[in-house]
Amino acid sequence: MPPKALLLAVCTVFCVAQGGLAQAGVGTWLADPLDTNSGLSASPAQPWITQATLPDLSKLQGLSVAEQAQIWTLPQLTAYALAHNPQTAAAWDGLRAQAASLGMAESAWLPSLSLNTNLSRRQAVSTVGFTVPARNSANPNLTLSYTLWDFGLRAAKVDAARAQEWVAGFTQNQSIQTVAFSVAQAYYQLLGNQSLVLADEKTVAENQKNLEAAEVLHRAGQATIGALYQARAAMAQAQSTLAAQRQTVRSSEGLLASTLGLDPQTTLRIAPLKLGQEPPQLHSAAKTLMHAALTANPTLQQARAQVAVAQANVRSAEASGLPSLGVSSSYGYLYQGGFRPGDTWTVGFTLTVPLFTGFNTHYQIRQTQALRDQAQSNLAANRNSTEATVWQDFHNFQGAIAAYPGAQSGLENAGKALEVVQAQYRVGQATIQDVLLAESTLAQARYTLIQNLVNSYVALAQLSQAVGMPLGENAP
């Protein structure tokens, strides 16, 4: 049968068989023979449910009995977070991995040694039925190879790997600062919310006194029922604000615990915020801090390391298109049934000259050059952003400090004003509206002072993060 006719017959049989299988319902099996669609949902509207066994979730760290009882300071909380927060652990693992990559790049400077062994059994049968006896053979070979010269390719790859390690190191430093700032921010927010609870408790106590005074005056006929209702409404509002603020404290406690790598339900004991203390102090000028950030800010240093990586990659791409010279040597020993064993050895040099790679090397060089220019542009943008952030955070901190004396004075005068109005109300020289207004002014003054003090510490923490080093004094 001619080849064309044979091919046509095979195709015809296959098509007929395929049609028969499809009619028998086997066509569905042929569409998905490995049943990969079994894990899909029945329709786009139904969620996907996996049957896979996923890795177990790691358990959150818990506090010991002694740690639960102690009163934590900000340095202690920060140290605990840096040791237990998974974000810092992940950054450190990334640095370890990049250090191993550097070792992989440096290994190219060492020779490579390999051993391979071929084991075989061979038997041949002639067309006339004559059988050759089976022959067993073993051929172990030891091969040594080393690159003598590659026009700087290995050196460029080592430099790139080392610069990547710098990137990973600055990434770890950035993670440390991010976690430290998160702890400080959550810590001061919790301090502020706890202080607001105390302020709300004072407001409730003051409204209780106002309500009692209104009830006494109402019974004596010196206050209207409307004044009594106003006092009760103010009392109810103060109690509602206190209840809501206590829940805000619980939320802040959970946030602080989470930054430490703990269960949000963990309760941490911290010393209360002292409203009478002075806000943090800073004796450095904005220009000095911006200059310090150029060498201390880890994000900026990471961008500088990225430029070093890009420069090394350009050198590596350029060297990959140049010749390379290597030397290799091998030694083998052959054991073959029916013959005496014998050994072989070779020593040779290999010169590789890339002549044409379809312009791959050309475009690879262009790509790495563009990435180098991009890294340099990113570095310039990062520098501008860092200096601008330091400048803004510096003046935000100065603004919080400048507002503190006024807030302190406002609280003192609001307290005295409430005492005067309450005394006047008891003798009928002031109305309940005057008392409630004075009490509201005092409550707002407490809120303003607390928020101002907390803002000053948070602003200083933000400035420290922007600069890349601890700043300030008098931290609680």
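Couple of notes before you dig in:
- Unique residue being within 30 Å of Met469 (Cα to Cα) and in contact with a helix residue (DSSP H, G or I) (Cβ under 8 Å, 6 or more places away or on another chain) when the list is Gln367, Gln301: Gln301
- Filter result for Val249 (in contact with a strand residue (DSSP E or B) (Cβ under 6 Å, 6 or more places away or on another chain) and surrounded by fewer than 19 Cβ atoms within 10 Å (Cβ to Cβ)): no
- Of the residues making up segment 214-234, those that are open to solvent by less than 60 Å² (accessible area, probe 1.4 Å) and touching a helix residue (DSSP H, G or I) at 6+ places or on another chain (Cβ under 6 Å) are Ala214, Ala223, Ala227, Leu228, Ala231, Ala234.
- Sub-6 Å Cβ pairs linking a first residue in segment 407-425 that is touching a residue at least 24 places away in the same chain (Cβ under 8 Å) to a second residue that is open to solvent by 50 Å² or more (accessible area, probe 1.4 Å), at least 6 apart or interchain, are Ala407/Thr448; Ala414/Thr441, ordered by first then second residue.
- Taking the criterion of being over 18 Å from Gln174 (Cβ atoms) and either open to solvent by 70 Å² or more (accessible area, probe 1.4 Å) or among the hydroxyl-bearing types (Ser, Thr, Tyr) (or both), the residues of segment 74-83 that qualify are Pro75, Gln76, Tyr80.
- Residue match in segment 309-325 (condition: in contact with a Pro (Cβ under 7 Å, 6 or more places away or on another chain), hydroxyl-bearing (Ser, Thr, Tyr) and open to solvent by 30 Å² or more (accessible area, probe 1.4 Å)): no
- Selection of segment 358-383 for residues being within 19 Å of Ala293 (Cα to Cα) and without any contact (Cβ under 8 Å) to a residue 12 or more places away in the chain yields Ser377, Ala380, Ala381.
- Of the residues making up segment 330-374, those that are under 30 Å from Ala160 (Cβ atoms) and surrounded by 14 or more Cβ atoms within 10 Å (Cβ to Cβ) number 7.
- Residue match in segment 220-241 (condition: part of a helix (DSSP H, G or I), closer than 30 Å to Trp109 by Cα and among the polar types (S, T, N, Q)): no
- Among the criteria (1) among the charged types (D, E, K, R); (2) open to solvent by 20 Å² or more (accessible area, probe 1.4 Å); (3) closer than 30 Å to Ala438 by Cβ, the one Asp200 does not fulfil is (2).
- Any chance Ala305 is of a type in the set (A, V, I, L, M, F, W, C), in contact with an Asp or Glu (Cβ under 7 Å, 6 or more places away or on another chain) and under 30 Å from Ala155 (Cβ atoms): no
- When Gly39, Gly25, Gly19 are screened for being touching a Phe, Trp or Tyr at 6+ places or on another chain (Cβ under 8 Å), modelled with pLDDT under 80 and either open to solvent by less than 90 Å² (accessible area, probe 1.4 Å) or of a type in the set (S, T, N, Q) (or both), only Gly39 passes.
- Take the conditions (1) open to solvent by less than 80 Å² (accessible area, probe 1.4 Å); (2) more than 29 Å from the chain's Cα centre (by Cα); Gln46 misses just one of them, which is (1).
- Condition check for Leu110: in contact with a Phe, Trp or Tyr (Cβ under 7 Å, 6 or more places away or on another chain) and either of a type in the set (A, V, I, L, M, F, W, C) or closer than 30 Å to Val158 by Cβ (or both): no
- Condition check for Gln408: in contact with a helix residue (DSSP H, G or I) (Cβ under 7 Å, 6 or more places away or on another chain), modelled with pLDDT of 90 or more, under 22 Å from Lys157 (Cα atoms) and of a type in the set (S, T, N, Q): no
The values are calculated or read from the model by the stated rules, or taken from the named source; none is laboratory data. Bear in mind the structure is a predicted one, so any value in this text is a computation, not a measurement. When we count neighbours, we look across all protein chains shown, and the Cβ atoms used for this are built from the backbone with ideal geometry, even at glycine. Note: areas computed on protein heavy atoms with side chains; ligands, DNA, RNA excluded. Shrake-Rupley method; radii C 1.70, N 1.55, O 1.52, S 1.80 Å.
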